[in-house]
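Trainee: Structure below; questions to follow.
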Amino acid sequence: MVFTNGQIARKLREVAAAYTIKKAHSISSGQGNIFQIRAYETAADVIECSTSEIHDLWEEGRLDQIPGVGESLRDHLEELFKTGKVDHWEEVKKGIPKVIFELLDVPGIGPKTALKLSKLGVRSVNDLENQLKSKALIKKGFSEKLAQRMEDVFRKTLPQIKSGRILLPYAFTQAEKIINYLKDQSAVERIDVLGSLRRMVVTVGDLDFAVASREPSKVVEKIVSMPGVSRVVDKGETKVTVNLSSGLQVDFVILKPHSYGSLLQYFTGSKMHNIHLRTIAEKMGLSLSEYGVKNVKTGRVHPTPTEEEFYKLLKMDVPPPELREDRGEIEAALGHQLPHLVELKDMKGDLHVHSNFPLEPSHDLGADDVRKIIEVAADLGYEYIGISDHQPSAANHSPKQVVELIEKRSRLIDQINYSYKNIRVLNLLEVDILPDGSFSVPDEGLKLLDFAVLGVHSAHHQPKAQMTKRLLKALANPYVKVLAHPTNRLLNEREASEVDWPEIFKFAAAGGKALEINAYPNRLDLPDDLAREAKSLGVKLVISTDSHEALALKNMFFGVSVARRGWLTKDDIINSWEWTRFAKWFNIRT
Ligand code: DGT
Ligand code: CA
Ligand code: CA
């Protein structure tokens, strides 16, 4: 049976929730220790953010390549794909009301809240929404603060999720597969991905492709018989729409090569960009379509085999696809003032990577050791790589023990730096910003680092003024240089924190603090518009992957695309600079 990554992740979370509830209530002794619960939750996260379909990996015999999925879980996945269910999972879930699992779909509701809600008589997600609106829950003693937050989720987050938008990195992998399959077909002269994916929007509604061919009908037949197609939605002579078994919808347009430039341009969009272009064309007596640029008076269609020729007819430079949102790129292209955007090949290092060094954090460790990470970084041509594990947990360590653990890791990094000549390893740490803006790592610990990277990992939804004060206080520490995933949004899952951004940006610009564009697939945070605003206030940024395994360093590409959508150039991105300039900015001894 075919299960999508999302469906598998959901099942794993159900098991984790069942374990959690049974543990809390000692319903059955021996079931659900904290490690099992973590293992299921980690596996769910990994699978949900995986850029390959797990079912495909299984078919290819590559289940062992999923990081964070151990042997017993692999056996369970085998059983799931073969039989459609897993006996052990059903056993664990036995005796727990179904509504609890349903409620887990609501972002922000974990097992304990779900259990509480079911005890308060909530019968379904719909019923929950009603009881929130009527304040019935609060009358029954439910926390007013939590109720307010849930109401926000129903208002803002859930509609987004229901719209079925897919994370960019995932859509990208699916698109690559389609391109690899179709480009080898003899009738296909060229194939390109268009729409929001070409513009690198962080979530994508559907995939759009252009194909150049002199034999469109042959291409149409190849498309409908492609592996992974579950349904043909619409099929014409030059247009096809199909559904994939992963749930994605894909639109194809097939045209002859002589108007391919117009086709690329039209279906790249965005709609707002195209609408603005049309008003410019009208003034010049031209009309635009996917078939070409037509002189309205003479009826003559100008050939536009490339996008350059298309934009040239409008007396414009070609705006990079990431800018085509009608946010000033048309004016810039007319005035020959387009920025030279930062590129993947400019990147010289990554400053947010988790290793498996046993630093005993309260958040997750990475999967790989420091040496493995360095090797992958060196393969990417990096000059420096920052290891920024989570800090040792405050609950289980005294401040002195925290410092000792940091010392221990510092010694390892020193040794490693001694043995590698071409790449510099930076001694960083991801430090939690506590709700009042303080840290549980003492300055004696921070002082051992090259610098500290800060992140909010709790109390994400404080009131705006309080959150702003919290961040400002944290950033003021002299050992702190980077604010990681600044808005704390999780795409399709958690709204951004409310913050007075201009205030933060001005402080960062004046105090030499950098803001991060986090390239993790469901973060992509700072978002493009805030990155652009930060730049306009003089802030420098870094792009980092937040990798929890060495191979994820490749996600840098998606972080760079956020920066490009934010109009950022090499000069704005500190970790695109060569070592000396980089080290000077961060005040690192060379
Ligand atoms: P998505 O799929 O929601 O992530 O966003 P897009 O931008 O990929 O939108 P989609 O797939 O509906 O259409 C692809 C492109 O085709 C879009 O960016 C611009 C162009 N396009 C589609 N419909 C229209 C239209 O009605 N007018 C104009 N000017 N362009 C359109
Ligand atoms: Ca689309
Ligand atoms: Ca479309």
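Trainee: What number of residues in the stretch 438-497 are over 25 Å from I543 (Cβ atoms), in contact (Cβ under 8 Å) with a residue 60 or more places away in the chain and among the charged types (D, E, K, R)?
Mentor: Total meeting the criteria: 0.
A quick yes/no check of all residues on (1) of a type in the set (S, T, N, Q); (2) surrounded by 20 or more Cβ atoms within 10 Å (Cβ to Cβ):
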site	(1), (2)
K312	no, no
G328	no, no
G349	no, yes
S355	yes, yes
G366	no, yes
I374	no, yes
D379	no, no
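Trainee: Do any residues in the stretch 318-332 that are on the phi > 0 side of the Ramachandran plot have Cβ atoms under 6 Å from those of residues that are modelled with pLDDT of 95 or more and open to solvent by 30 Å² or more (accessible area, probe 1.4 Å), where the two are at least six apart or on different chains, and which pairs are they?
Mentor: If the second residue must be modelled with pLDDT of 95 or more and open to solvent by 30 Å² or more (accessible area, probe 1.4 Å), the pairs left are D326/M272; D326/H276.
Yes/no per residue for (1) at pLDDT 95 or above; (2) within 26 Å of A531 (Cβ to Cβ):
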site: E151; (1), (2): no, no
site: V188; (1), (2): yes, no
site: I191; (1), (2): yes, no
site: L197; (1), (2): yes, yes
site: M226; (1), (2): no, no
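Trainee: Could you count how many residues in the stretch 236-258 are within 14 Å of ligand 1 (Cβ to nearest atom), among the charged types (D, E, K, R) and touching a residue at least 40 places away in the same chain (Cβ under 8 Å)?
Mentor: Within the stretch 236-258, residues that are within 14 Å of ligand 1 (Cβ to nearest atom), among the charged types (D, E, K, R) and touching a residue at least 40 places away in the same chain (Cβ under 8 Å) number 1.
Trainee: Return the pair list, or none, for Cβ contacts closer than 7 Å from residues in the stretch 1-23 that are within 24 Å of Q174 (Cα to Cα) and part of a helix (DSSP H, G or I) to residues that are among the small types (G, A, S) and open to solvent by 10 Å² or more (accessible area, probe 1.4 Å), at least 6 apart or on different chains.
Mentor: Qualifying pairs under 7 Å: N5/S50.
Trainee: Could you check how many residues of the stretch 348-362 are within 28 Å of W577 (Cα to Cα) and in a strand (DSSP E or B)?
Mentor: Selection size over the stretch 348-362: 5.
Trainee: Sort out which residues of the stretch 204-218 are more than 36 Å from the chain's Cα centre (by Cα) and near ligand 3 (Cβ under 7 Å from one of its atoms), and write them in order of number. Give the derivation first.
Mentor: Kept after step one, since they are more than 36 Å from the chain's Cα centre (by Cα), are these residues of the stretch 204-218: 214-215, 217-218.
Selection gives nothing.
Trainee: Identify the residue in the stretch 198-226 that is in contact with a Phe, Trp or Tyr (Cβ under 7 Å, 6 or more places away or on another chain) and not β-branched (V, I, T) and, among all such residues, is nearest to ligand 2 (Cβ to nearest atom). Quick ask: steps written out before the conclusion?
Mentor: Start the filter on the stretch 198-226 by keeping residues that are in contact with a Phe, Trp or Tyr (Cβ under 7 Å, 6 or more places away or on another chain), which leaves 208-212, 223, 226.
Subset that is not β-branched (V, I, T): 208-210, 212, 226.
On the way: D208: 4, F209: 10, A210: 12, A212: 19, M226: 18 Å.
Among those that are in contact with a Phe, Trp or Tyr (Cβ under 7 Å, 6 or more places away or on another chain) and not β-branched (V, I, T), it is D208.
Trainee: Moving on to the next point. If you scan the stretch 540-551, which residues turn out to be surrounded by 22 or more Cβ atoms within 10 Å (Cβ to Cβ) and at pLDDT 95 or above?
Mentor: L541, V542, I543, S544, T545, D546, S547
Trainee: Where the second residue is surrounded by 12 or more Cβ atoms within 10 Å (Cβ to Cβ) and of a type in the set (S, T, Y) and the first is closer than 10 Å to E444 by Cβ and lies in the stretch 398-410, which pairs have Cβ atoms under 9 Å and are six or more apart or on separate chains?
Mentor: P399/S440; V402/S393; V402/S440
Trainee: Can you confirm whether K177 is away from ligand 3 (no atom under 16 Å from the Cβ) and either among the small types (G, A, S) or under 26 Å from M556 (Cβ atoms) (or both)?
Mentor: So K177 fits the description; yes.
Trainee: With the checklist (1) open to solvent by 10 Å² or more (accessible area, probe 1.4 Å); (2) more than 16 Å from ligand 2 (Cβ to nearest atom) in hand, flag the one item F267 doesn't pass.
Mentor: Every listed condition holds for F267 apart from (2).
Trainee: Those residues that are in a helix (DSSP H, G or I), touching a strand residue (DSSP E or B) at 6+ places or on another chain (Cβ under 7 Å) and small (G, A, S), I need them from the stretch 530-562; list them, please.
Mentor: Answer for the stretch 530-562, where residues must be in a helix (DSSP H, G or I), touching a strand residue (DSSP E or B) at 6+ places or on another chain (Cβ under 7 Å) and small (G, A, S): A531, A534, G559.
Trainee: Answer yes or no as to whether E151 is closer than 24 Å to P527 by Cβ, outside any loop (DSSP other than H, G, I, E, B) and away from ligand 1 (no atom under 13 Å from the Cβ).
Mentor: Values: closer than 24 Å to P527 by Cβ: yes; outside any loop (DSSP other than H, G, I, E, B): yes; away from ligand 1 (no atom under 13 Å from the Cβ): yes.
Yes.
Trainee: Which number in (1) over 30 Å from F557 (Cβ atoms); (2) assigned to a helix (DSSP H, G or I) marks the one condition that G141 misses?
Mentor: (2)
Trainee: Please go through the stretch 294-312 and give me each residue that is in contact (Cβ under 8 Å) with a residue 24 or more places away in the chain and under 37 Å from the mean Cα position of the chain (by Cα), ordered by number.
Mentor: Across the stretch 294-312, the qualifying residues are T304, P305, T306, E307, E308, E309, F310, Y311.
Trainee: If you scan the stretch 391-438, which residues turn out to be under 27 Å from T487 (Cα atoms), open to solvent by 70 Å² or more (accessible area, probe 1.4 Å) and in contact with a Ser or Thr (Cβ under 9 Å, 6 or more places away or on another chain)?
Mentor: A395
Trainee: Another one. Considering each residue of the stretch 202-221, count those that are of a type in the set (D, E, K, R) and within 16 Å of ligand 1 (Cβ to nearest atom), and give that number.
Mentor: Narrowing the stretch 202-221 to residues of a type in the set (D, E, K, R): 206, 208, 214-215, 218, 221.
Filter once more, so that each one left must be within 16 Å of ligand 1 (Cβ to nearest atom): 206, 208.
Count: 2.
The rows are residues; the columns are (1) among the small types (G, A, S); (2) assigned to a loop (DSSP other than H, G, I, E, B); (3) open to solvent by 60 Å² or more (accessible area, probe 1.4 Å).
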{"residue": "E91", "(1), (2), (3)": "no, no, yes"}
{"residue": "F101", "(1), (2), (3)": "no, no, no"}
{"residue": "V122", "(1), (2), (3)": "no, yes, no"}
{"residue": "L137", "(1), (2), (3)": "no, no, no"}
{"residue": "L146", "(1), (2), (3)": "no, no, no"}
{"residue": "L158", "(1), (2), (3)": "no, no, no"}
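Trainee: Residues being open to solvent by 20 Å² or more (accessible area, probe 1.4 Å) and in a helix (DSSP H, G or I): count how many of those fall in the stretch 168-225.
Mentor: 16
Trainee: Which of the residues belonging to the stretch 226-264 are more than 16 Å from ligand 3 (Cβ to nearest atom), crowded, with 17+ Cβ neighbours inside 10 Å and closer than 12 Å to Y291 by Cα?
Mentor: Result: S259, Y260, G261, S262.
Trainee: Answer yes if at least one residue in the stretch 513-525 is open to solvent by 10 Å² or more (accessible area, probe 1.4 Å), within 30 Å of Q337 (Cα to Cα) and part of a helix (DSSP H, G or I), and no otherwise.
Mentor: no
The values are calculated or read from the model by the stated rules, or taken from the named source; none is laboratory data. Note that the structure is a prediction, hence the values are computed from the model and not measured. Neighbour counts are summed over all protein chains in view; Cβ atoms, including those assigned to glycine, are modelled from backbone coordinates with ideal geometry. Protein only, heavy atoms only, side chains kept; ligands, DNA and RNA dropped before computing areas. Shrake-Rupley method; radii C 1.70, N 1.55, O 1.52, S 1.80 Å.
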